[in-house]
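Below: one structure, written as structure tokens.
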Amino acid sequence: MKSFMHQGLSLTLFLKLAALSLAQEDSNDDATLNPARDILSCDAVSCSQNDMSTICSQPSSDNADEIGVGLVSKAINVSDSTQLSLTLIDGYPVGSYGDSLSQYDYTTRTLYVGAPPDTNLSSQPRACVLMMQHQATTFPYATQDSSGSDGQSVTTCPQEFLLDGTTTRAVLSNVGNFSYPSSASLSYCEALAQYVEYRIHNDDIAFGVYYSALVTVAGGTVSGPGFATYDAADIPTSSDATSTNPDSCQPVQPANYQLYNVTSMTQVLRGGSMDQSPITGGRTGYTPIVSVVYGGDDGDDDYSNPEVQFLCMHLRQRDNEELPYSAIANGGAGASAIAESCWLVVAGALLASVLYSYR
């Protein structure tokens with residue numbers, strides 16, 4: 001029975017991918033819903049060239065722990081007068097854990113929001129950010145048009161995630177149907193993330209071309225009631241826990257923005273026989289980030305029609321090279337998982353050919 005169910009799930013996902021392969025027109029979501037914003041890396045943090053204590057100035061080598069950094073300038077409009085940026089960092093803290101049966105390395109992918117100096121985010125309209133993972137890592141690229149460096153340098157989500165808008169429509173529906181329970185022990189944005197994850201798992205067996213049961217969602221507040229504007233982030237500079245002053249050179253654009261910690265997710269780095277698995281993104285895939293903004297400048301939160309936006313972020317090392325696929329340092333599992341994921345394209349194309357032959 002289990003084998004039959006697994007085959008049924010695989011067939012469903014392959015059918016979805018086949019339909020994607022056969023599509024003749026560009027089905028990118030509306031630019032407002034899924035904008036093509038530049039993903040900047042450490043070379044945009046010009047102050048790091050003179051301040052060797054920053055996270056972006058740490059040298060890369062075969063034995064050094066590798067850190068990935070992605071910056072999106074003015075990514076979220078929480079009001080007509082306030083734009084927030086996003087900073088996503090992969091690689092702090094790093095370490096390993098294990099027991100008598102298994103042992104894994106892991107990294108932490110942490111999301112920060114950047115705000116203009118002296119901005120009181122707690123007085124802004126409520127806004128949440130949801131960050132997604134697939135099988136405890138990034139989402140793997142599945143189609144060839146997603147594997148080029150040009151496609152990875154902007155926030156446009158790949159077609160296997162969008163799937164003709166089915167994924168974004170599902171998330172939009174779940175966000176719109178969410179009702180914050182008065183008895184909730186979680187914050188509003190954490191409860192929203194929990195609800196969206198629950199609905200993803202229960203509404204369909206597939207999320208884009210991915211198994212929905214393998215998708216996890218974390219959430220955090222970026223503005224509105226309860227936001228701790230006084231609690232500025234102190235970005236660590238390296239894995240030895242040395243850190244900089246929050247007012248010094250920080251990985252953010254624009255450079256004068258102040259960073260605040262939003263949420264983080266632990267990524268399991270699968271070595272050995274699981275290395276280069278075509279169904280996991282490792283550290284070389286992409287991270288979908290969904291912003292949800294309620295209300296406007298009048299301060300009244302409009303929960304019936306929030307503004308939702310999707311950004312998919314691919315991270316690179318401090319020297320702008322690819323991160324190791326499933327290792328903390330280069331020299332281990334360093335090859336990209338993107339090529340390994342092309343079996344999905346081949347399978348989809350084969351299935352598409354079979355389906356076409358029966359027309």
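Can you tell me the length gained on complete extension of the stretch Asp203 to Tyr180, counting 0.36 nm per residue apart and subtracting the Cα distance?
Numbers: separation 23, 0.36 × 23 = 8.28 nm, distance 1.96 nm.
Separation in residues times 0.36 nm, less the Cα-Cα distance, equals 6.3 nm.
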Inset, instruction - Sum up the charges of everything whose Cβ sits under 15 Å from the Cβ of Thr263, counting Lys and Arg as +1 and Asp and Glu as -1, but leave Thr263 out. - result: -3
Inset, instruction - Using only protein heavy atoms and a 1.4 Å probe, report how much of Tyr325 is accessible, in Å² to the nearest 10. - result: 0
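Counting only other residues whose beta carbon sits under 11 Å from that of Asp105, what net charge do I get with K and R as +1, D and E as -1?
Working: positive: Arg270, Arg283; negative: Asp65.
Once all neighbours under 11 Å are counted, the net charge is +1.
So, counting K/R as plus one and D/E as minus one, what does the shell of residues with Cβ under 12 Å around Leu40 add up to? Show your work: numbers first, answer last.
Values: positive: Arg37, Lys74, Arg316; negative: Asp38, Asp43.
Cβ neighbours under 12 Å give a net charge of +1.
The values are calculated or read from the model by the stated rules, or taken from the named source; none is laboratory data. Please read all numbers here as calculations on a predicted model, not as lab measurements. Note that each Cβ is placed from the backbone with ideal geometry, even for glycine, and that neighbours are counted across all protein chains shown. The area values use the complete protein model at the heavy-atom level, side chains included, leaving out ligands, DNA and RNA. Shrake-Rupley method; radii C 1.70, N 1.55, O 1.52, S 1.80 Å.
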